Amino acid sequence: MPKPVAFKSNSVVYFQGDLDERIYILKSGRIVLRSRDIETGQDINDLIQTGEFFGVKSALGKYPREEDAVVLADAQVLQFTVQEFEQVVTGNTRIIIKMLKVFSNQLRRIHSKVSSMLNQEDQIDPAEGLHHSAEFYFQNRQYEHARYIWQRYLELYPNGRHAEEARKQMDRASQSSQAQSTRTAAQEASQRRPGEDLPEIGKLYFEAETSFANEEFDQAISLFKKVIDNDDQGEYRGKATFQLGRAYFENENYPEVIRHYSQLIKDVPRHPQMAELLYYIGYSYGKSGKLDKGKAFLSKAKASASDEPVLRRKVDQAMARLES
Amino acid sequence: MSGFDRFAKQIPKGRMIFCEYEPGHSFYLIQKGRVQITKVMGSIEKAVDILHPGELFGEMAILEEAPRSASAIALDDVTLLEFNRENFEILMQGNPQIAMTLLRTFVKRIYDQRRRFMILKLNDVQARVADVFLMLFEGMDSDPEDKRCEFSVTSNDVAHWAGLTPEQVRTTINQLANQRRIEVYPDKIVVTNIHDLQRLVSSRRREEE
């Protein structure tokens, strides 16, 4: 339940730099958000309107407060946890739409500031970029991609520098693509596909993902393990470690799920997919007949999944099954 | 969700959904299948990410006329929910959870852009390069007690973030390496003491203010 809180004049609701996940709505009184413009360094004072939410961005994004919230005249506020906030706003989508509009304006403003500061020479002309991509895919015999890009090029730049070439190449790409699609399935399998030009480890991860999607879990397990063992740069290791657990889970190897994900939590105590890890562990304990442990992990999963409605439903279902 | 079927889009496996550099007017929510995000860099195709059902992509399209920053390719037969200016409010009203996901995505993007702005605002080239490592460090799940940090980035990646030319970055990285602040390997850059870079950046930032 949102909690009513009173603040005296001249007190502070929160300071810039604070890490805290509470969201507020102003009921009465006067509160101002004080910050400095990141571009000009000028002071910004934003007076909160009665009925307005504040503290939303840093709470949802889990990053430090970007302003001081200073009370100018005795104020009453309602204090929400992120979960309570979510319950309220999902019941009234108009509020979210209003916020989306405000945030998308902010995003547009900061994005254009960033773009204007970037060295113009750094930016590739989009027409040249498209042309280069089309050529790349054509040379790599991914004719459908090449055809798509040249078609877009012609739609966007009918009189562009490469328009003539695009027309010719589009025909060639179409012909090559048809020829390619008439080949046998076996040949197709050996054709180049997305990921072909990745470094070896990327290809391996890609193969593992494909096995997983095709429900060949034994194969996926062995490939994800290979990725973990050989990924010297660590680019794919995190993803592979997570997916390995999911492959054990799909394979119904529950003791292995518990062992693997418990280790992962130990290694990465602030794992971004913590709620999911806890869910899989809880579910697996339940399946192994350890109902109490299962329930304990599922409750933790639910508490961590405040912003993941799909997962929360899955947790509820698993919990209901355990209780029955 | 069935009422929104008219906004659903089926993409066969292997098909390109959009290409890097084309202007974007829509963004997508994956309902079924996986989508690969890739970038062509010179003569190689770099896989940036593989996205699963429930994930959004292309949301920067709300920024008018901004060219796509990467390509999206269907890895399986894919079903997407396509959002644009026209259907945006209808879709959001019926799907508060999607609206919530989008809200979180925007919050994150605003933060990332502000962070990048802070880097670009630094005049001192060395501090800018150092601040790119700090930004990458903040995004990592590492122990704050650890001083030594490995980054699997190239000087071109750093140049992109810092808004500098690759030559400027290479020169600066060599200076930092000579000062023993970083170690350069073919496939990674190691910062020997991340706190040292934090001090360097905050003192430069104070001087420039």
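The values are calculated or read from the model by the stated rules, or taken from the named source; none is laboratory data. If you're wondering where the values come from, they're calculated on a predicted model, not measured in any experiment. Positions of Cβ are generated from backbone atoms using ideal geometry, with glycine treated the same way; all protein chains shown enter the neighbour counts.
Applying a threshold of 8 Å to beta carbon distances and a minimum spacing of six or more residues, or different chains, the list of pairs starting in the stretch B:120-131 at a residue that is outside any helix (DSSP H, G or I) and ending at one that is among the charged types (D, E, K, R) reads B:122/B:128; B:122/B:131; B:122/B:204; B:122/B:205; B:122/B:208; B:123/B:208; B:124/B:204; B:124/B:208.
Residues that are part of a loop (DSSP other than H, G, I, E, B) and more than 9 Å from chain A (Cβ to nearest Cβ) were ranked within the stretch B:78-113; the one that is modelled with the lowest pLDDT is B:85. The strands (runs of 3 or more DSSP E) falling completely within the stretch B:1-62 that include 1 or more residues that are over 19 Å from residue B:79 (Cα atoms) map to B:35-41, B:44-51. Within the stretch A:40-71, the set of residues being within 28 Å of the chain's Cα centre (by Cα), farther than 16 Å from residue A:99 by Cα and more than 11 Å from chain B (Cβ to nearest Cβ) comprises A:65, A:67. So which pairs qualify, if the first residue must be in the stretch B:165-181 and away from chain A (no Cβ under 12 Å), the second must be acidic (Asp, Glu) and surrounded by 14 or more Cβ atoms within 10 Å (Cβ to Cβ), the Cβ gap must be under 9 Å, and the two must be at least 6 apart or on different chains? Qualifying pairs under 9 Å: B:177/B:183; B:181/B:196.
For the stretch A:306-324: of the residues being at pLDDT below 80 and small (Gly, Ala, Ser), which is farthest from the chain's Cα centre (by Cα)? Out of the qualifying residues, it is A:324. Annotation: residue A:240 fulfils all but one of (1) assigned to a helix (DSSP H, G or I); (2) surrounded by fewer than 21 Cβ atoms within 10 Å (Cβ to Cβ); (3) within 20 Å of the chain's Cα centre (by Cα); the unmet one is (2).
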